[in-house]
Amino acid sequence: MLSTRTGRSWNADQVAVTAGAKQALFNIALALFDSGDEVIIPSPHWTTFPAQVKLAGATPVLFDTRDAAYQLDVSSLARRITPRTKAIVLNSPHNPTGTVYSNESMREVGALAQRHGLFAILDQCYGDFVFADRDGVRAHDVNCFDPSKLLVVDSFSKAVALTGWRLGYVAGDPALIAVIRAIQTHTTSNPNSLAQAALCAAMPVGWADFTQGVRAKLGANRDLIVTNLCGRTDVRVPHPEGGFFAYLDVRDWRRPAASGGPAVAEEFCTELLKRECVMLVPGTAFGDPHGVRLSFTPRREVLDQSLQAIVRFLDLTR
């Protein structure tokens with residue numbers, strides 16, 4: 001499966017199975033990073049990325065992707081590289097924005113990483129859920145990266161709905177995978193055996209049919225987002241291309257901030273919850289005070305009602 005999704009062959013000694021993708025990322029951080037190292041992370045970002053870099057004693061270096069519609073501006077990324085830079089973290093499909101990085105930008109980043117001798121950490125936990133209008137891309141071809149410095153992280157939480165069962169993996173160079181396994185030996189020892197047995201039962205029986213069905217439902221829900229919210233002038237909503245999140249840029253929301261501060265997202269979410277009982281996640285959790293994450297996993301009728309409430313809220317507070 002991994003070989004099919006990434007366009008590269010992998011052997012057992014190149015894969016470490018972990019207690020969720022989060023442990024895979026943490027093991028990578030402990031194996032790679034030292035005090036003084038810098039790690040480049042596109043922002044908005046999943047909260048775990050900079051936190052684990054800091055836990056390893058290194059420094060996260062964030063660069064803002066909002067003005068590039070959350071795509072990778074490779075020239076902007078290149079300007080963040082210093083002699084201390086050790087790695088680049090890439091998350092596609094992206095949490096929280098729903099962006100799928102273009103293959104062209106991934107190739108450019110791959111060339112940049114090879115030129116500077118950087119590790120590339122590719123988190124593709126939402127790789128099974130890329131929508132058809134994104135050129136049919138299911139996962140990124142990773143052959144543009146130096147195989148000795150590429151680490152691919154994935155999880156079964158999304159693909160087969162094993163959320164909370166804590167089962168993921170990291171694939172990479174055998175020497176580095178051996179270090180990651182040694183770290184895991186002295187933390188969780190192994191991912192729990194019950195989750196492994198459940199996954200072994202799920203893999204040969206209807207995996208593709210299940211993910212195809214989920215992708216179809218998510219795609220229909222995504223279309224509701226596009227119909228109701230895209231094109232408004234008071235919030236900017238790029239079309240979600242993968243995963244199950246839409247990301248609202250509320251910088252142009254017209255309601256003045258009660259606090260007089262910049263955290264528009266916090267006020268937006270608080271006011272929406274008070275007025276319409278709809279809960280969204282403010283982007284301050286992802287390093288962005290002007291973004292709001294909306295999940296489109298609920299049942300279609302629930303999502304439809306929630307979107308109507310959001311539109312009503314926006315119309316009343318513009």
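The values are calculated or read from the model by the stated rules, or taken from the named source; none is laboratory data. Quick caveat, the model's predicted, so the values are computed rather than measured. Note that we place each Cβ from the backbone using ideal geometry, even for glycine, and neighbour counts take in every protein chain shown. Just the protein is used for accessible areas: all its heavy atoms, side chains included, with ligands, DNA and RNA removed. Shrake-Rupley method; radii C 1.70, N 1.55, O 1.52, S 1.80 Å.
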- Message: Scan region 80-103 and tell me whether some residue there is at pLDDT 90 or above, small (G, A, S) and closer than 20 Å to V142 by Cβ.
- Response: yes
- Query: Looking only at region 1-43, which residues are at pLDDT 95 or above, over 17 Å from T185 (Cβ atoms) and of a type in the set (A, V, I, L, M)?
  - Reply: L25, L32, V39, I40, I41
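Working carefully through the options T233, T211, T227, find the one that is at pLDDT 90 or above and either among the polar types (S, T, N, Q) or open to solvent by 40 Å² or more (accessible area, probe 1.4 Å) (or both).
On the way: T233 fails: at pLDDT 90 or above; T211 fails: at pLDDT 90 or above.
Testing whether each residue is at pLDDT 90 or above and either among the polar types (S, T, N, Q) or open to solvent by 40 Å² or more (accessible area, probe 1.4 Å) (or both) leaves just T227.
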- Check L273 against each of (1) among the hydrophobic types (A, V, I, L, M, F, W, C); (2) under 25 Å from D67 (Cβ atoms); (3) surrounded by fewer than 17 Cβ atoms within 10 Å (Cβ to Cβ) and name the one condition it does not meet. (2)
- Residues (touching a residue at least 60 places away in the same chain (Cβ under 8 Å) and more than 18 Å from D154 (Cβ to Cβ)) located in region 72-97: P96, T97
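Among the residues of region 134-153, are any among the acidic types (D, E) and open to solvent by less than 30 Å² (accessible area, probe 1.4 Å)? Steps first, please.
Of all residues in region 134-153, those among the acidic types (D, E) come to 135, 141, 146.
If we keep only those that are open to solvent by less than 30 Å² (accessible area, probe 1.4 Å) as well, we get none.
Within region 134-153 (the criterion being among the acidic types (D, E) and open to solvent by less than 30 Å² (accessible area, probe 1.4 Å)), the answer is no, since none of the residues qualifies.
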- Note on the structure: Result of the Cβ filter at 6 Å on region 162-178, keeping first residues that are more than 19 Å from D146 (Cα to Cα) and partners that are at pLDDT below 95 and open to solvent by 50 Å² or more (accessible area, probe 1.4 Å), at least 6 apart or interchain, is Y169/V17
- Of the criteria (1) open to solvent by less than 60 Å² (accessible area, probe 1.4 Å); (2) out of contact with any helix residue (DSSP H, G or I) (no Cβ under 8 Å at 6 or more places or on another chain); (3) touching a residue at least 40 places away in the same chain (Cβ under 8 Å); (4) not basic (K, R), which one M106 fails: (3)
- Task: Could you tell me which residue of region 159-205 is surrounded by the fewest Cβ atoms within 10 Å (Cβ to Cβ), considering only residues that are in contact with a strand residue (DSSP E or B) (Cβ under 6 Å, 6 or more places away or on another chain) and not aromatic (F, W, Y)?
- Result: R181
